[in-house]
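The values are calculated or read from the model by the stated rules, or taken from the named source; none is laboratory data. Just so you know, these numbers come straight off a predicted model, no measurement behind them. Every residue, glycine as well, gets a Cβ built from its backbone with ideal geometry; the counts of neighbours run over all protein chains shown. Areas reflect the complete protein model, heavy atoms only, side chains present, ligands, DNA and RNA absent. Shrake-Rupley method; radii C 1.70, N 1.55, O 1.52, S 1.80 Å.
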Amino acid sequence: MRPVNLKTRIFLDGGDPSETKEIIGRLGFLDGQTTNPTLISKNPAARRRIEQGKKFSKEEVLDFYRDVVLEISSLLPRGSISVEVYADASTKAEEMLQEGREMFSWIPNAQIKFPTISEGLKAAEQALSHGLRVNMTLCFTQEQAAAVYAATKGAKKGAVFVSPFIGRLDDKGENGMDLIYNIIGMYREGDGHVEVLTASVRSIDHLLYALKLGSDIVTAPFGILREWGDRGLPVPGDEYSYDTGSLKAIPIKDIALTKDWSAYDISHGLTDKGLERFSSDWNSLIA
Ligand code: E4P
């Protein structure tokens, strides 16, 4: 059962509906799910098919993604399900938008993931004007989060998530959780239309600290949600302190949210690398 003092929404990060089912059973609730091309490429049915040497055609792989998403949506009819468009460094906003509109029609509770790059932000602006909900992914900096805010100004509450990837910053020796703290602080100066979704969670402490910081949403892999459930769904209070170990601090910047999105420097090496990894994992499924 959802703890009464839990304000944050809890999502499962995964591409296998059997995990969704098990987590709902273990926690007694689940608020949504995030998927991405890598997670879909790890889906057991997709793996079995690839191991048998039967790669998908482009149409078949999208049909497969749709079927997975439909099953997750039937398990979480009131949840939010993030579905990610294909994007590599050369994908244009129009292509992302077209695919996003198609994906949005798959289920009634989709949130379409676009990368936090210029083409992704252009696609998101358009997508919102067509009534889609969006989740801006591969966010690694406060500037990118400011650009998401500016590009989506005027959107309804619930229509925009930003997904800072904390684990991948930790992997580089930087304290990813600082980015969550910094973005939440910066957004306090805004109108609250963008919800912060803590992503790339690697440990139970990432989850607990995100709850303490008041992240709107946290998405975590199966193993971490299972551990949280096994521990009795703790929600940390004032006594909790996050051990940063040897991770390097990411200082907060004083960034005004009032500029046009194109005025922010949104480049980051991990965003580029992330796009490469998502697109190559997706392409590895296709003949
Ligand atoms: C979720 O929306 C993200 O795609 C996911 O959390 C990324 O996690 P990773 O850094 O472990 O791949």
Q. Got at least one residue in the stretch 216-223 being at pLDDT 95 or above, open to solvent by less than 50 Å² (accessible area, probe 1.4 Å), assigned to a loop (DSSP other than H, G, I, E, B) and over 25 Å from residue 81 (Cβ atoms)?
A. no
Q: Just give me the residues in the stretch 9-28 being within 18 Å of residue 217 (Cα to Cα) and either without any contact (Cβ under 8 Å) to a residue 24 or more places away in the chain or away from the ligand (no atom under 11 Å from the Cβ) (or both), in sequence order.
A: 9, 10, 20, 23, 24, 27, 28
Q) Restricting attention to the stretch 157-173, and to residues there that are part of a loop (DSSP other than H, G, I, E, B) and out of contact with any Lys or Arg (no Cβ under 8 Å at 6 or more places or on another chain), which single residue is nearest to residue 271 (Cα to Cα)? A) 172
(Q) Can you confirm whether residue 163 is open to solvent by less than 10 Å² (accessible area, probe 1.4 Å), over 24 Å from residue 4 (Cα atoms) and within 15 Å of the ligand (Cβ to nearest atom)? (A) yes
Q. Which residues, counting only those in the stretch 29-66, are polar (S, T, N, Q) and either buried (at least 17 other Cβ atoms within 10 Å of the Cβ) or within 16 Å of the ligand (Cβ to nearest atom) (or both)?
A. 33, 34, 35, 36, 38, 41, 43
Q: Taking residue 197 as meeting all but one of (1) in a helix (DSSP H, G or I); (2) farther than 16 Å from residue 233 by Cβ; (3) within 14 Å of the ligand (Cβ to nearest atom), write down the number of the exception.
A: (1)
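For (1) over 19 Å from residue 142 (Cα atoms); (2) open to solvent by 30 Å² or more (accessible area, probe 1.4 Å); (3) touching a residue at least 60 places away in the same chain (Cβ under 8 Å), each residue gets a yes or a no:
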{"residue": "185", "(1), (2), (3)": "no, no, yes"}
{"residue": "195", "(1), (2), (3)": "no, no, no"}
{"residue": "228", "(1), (2), (3)": "yes, no, yes"}
{"residue": "233", "(1), (2), (3)": "yes, no, yes"}
{"residue": "254", "(1), (2), (3)": "no, yes, no"}
{"residue": "274", "(1), (2), (3)": "no, no, yes"}
Q.
What are the pairs with Cβ atoms under 6 angstrom where one residue, in the stretch 209-220, is under 13 Å from residue 195 (Cβ atoms) and the other, located anywhere, is assigned to a loop (DSSP other than H, G, I, E, B)? Sequence gap at least six, or different chains.
A. 215/8; 218/8
Q: Select, from 140, 114, the only residue that is hydrophobic (A, V, I, L, M, F, W, C) and in contact with a His (Cβ under 6 Å, 6 or more places away or on another chain).
A: 140
Q) Which of (1) in a helix (DSSP H, G or I); (2) within 16 Å of the ligand (Cβ to nearest atom); (3) more than 18 Å from residue 282 (Cα to Cα) is the odd one out, the single condition residue 111 does not satisfy? A) (1)
Q) Quick check: anything in the stretch 230-247 within 16 Å of the ligand (Cβ to nearest atom) and under 22 Å from residue 22 (Cα atoms)? A) no
Q: Please go through the stretch 114-156 and pick out each residue that is within 16 Å of the ligand (Cβ to nearest atom), in a loop (DSSP other than H, G, I, E, B) and open to solvent by less than 40 Å² (accessible area, probe 1.4 Å).
A: 116, 117, 140, 141
**Q.** Any chance residue 238 is in a loop (DSSP other than H, G, I, E, B) and modelled with pLDDT under 95
**A.** yes
